[in-house]
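What follows is a structure written as structure tokens; I'll ask about it next.
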Amino acid sequence: MRGGVELVRIDRGILVRGNLDTEVDVACSRCMTPFSCALSLDIEEEYSPATDVHTGASLPLPDEPGCFIIDEHHVLDLTEAIRQYAVLALPMKPLCRKDCAGLCPNCGHNLNRGSCDCLAHEIDPRWSKLEGCLATLPSLSSTFLE
Ligand SMILES: [Zn+2]
Ligand SMILES: [Zn+2]
């Protein structure tokens, strides 16, 4: 993970702002091969302290759901925020590459590694219909197939 964050003191705590480049391991939505997906995250989150830095007294936490807390040890942990941003930034259907060939629906072979035997035998459903048609017209089919 690379990038920089800036911590700005605000009334309610600390504003964390920055940009992080990170890589997340995901599985390709077509061929299921795991790969690293590069993400660039623009982060801006407010962190509220759980305890007063000077007195050590517990502070009332903001009501907002999902707000980030600086814990009683005064540790500002960015992990959860980064995880949430990464989830949002992830593509819905990640692809290991733009032209990923996917898996053979028949045998599950990864077609990026070359074709399997199924394709040669399989007849496109549109053609199989035509083939049925031709079979009912023997004379015509022979002229077609010549
Ligand atoms: Zn793929
Ligand atoms: Zn196959």
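The values are calculated or read from the model by the stated rules, or taken from the named source; none is laboratory data. All values reported here derive from a predicted model rather than from experimental measurement. Ideal geometry is used to build each Cβ from the backbone, glycine not excepted, and the neighbour counts take in all protein chains shown. Side chains are part of the model used for accessible areas, which takes the heavy atoms of the whole protein and leaves out ligands, DNA and RNA. Shrake-Rupley method; radii C 1.70, N 1.55, O 1.52, S 1.80 Å.
Give me the distance in nm between label points sitting 7 Å out from Cα along the Cα-to-Cβ direction at SER36 and LYS98, one decimal.
About 2.2 nm, to one decimal.
Once you list every other residue whose beta carbon is under 14 Å from the beta carbon of PRO62, what net charge do they have if Lys and Arg are +1 and Asp and Glu are -1?
-4
How far, in nm, would the chain grow between CYS107 and GLU80 when pulled straight, counting 0.36 nm per residue and subtracting the alpha carbon separation?
Details: separation 27, 0.36 × 27 = 9.72 nm, distance 3.96 nm.
Between CYS107 and GLU80, full extension yields 5.8 nm more.
Check ARG30: other-chain or 5+ apart residues with amide H under 5 Å from its amide H, H built from backbone geometry?
Placed amide hydrogens put CYS96 under 5 Å from ARG30.
If I compute solvent accessible area with a 1.4 Å probe over the protein chains, what percent of it on region 56-124 is carbon and sulfur?
Carbon with sulfur: 56 percent of the solvent-accessible area.
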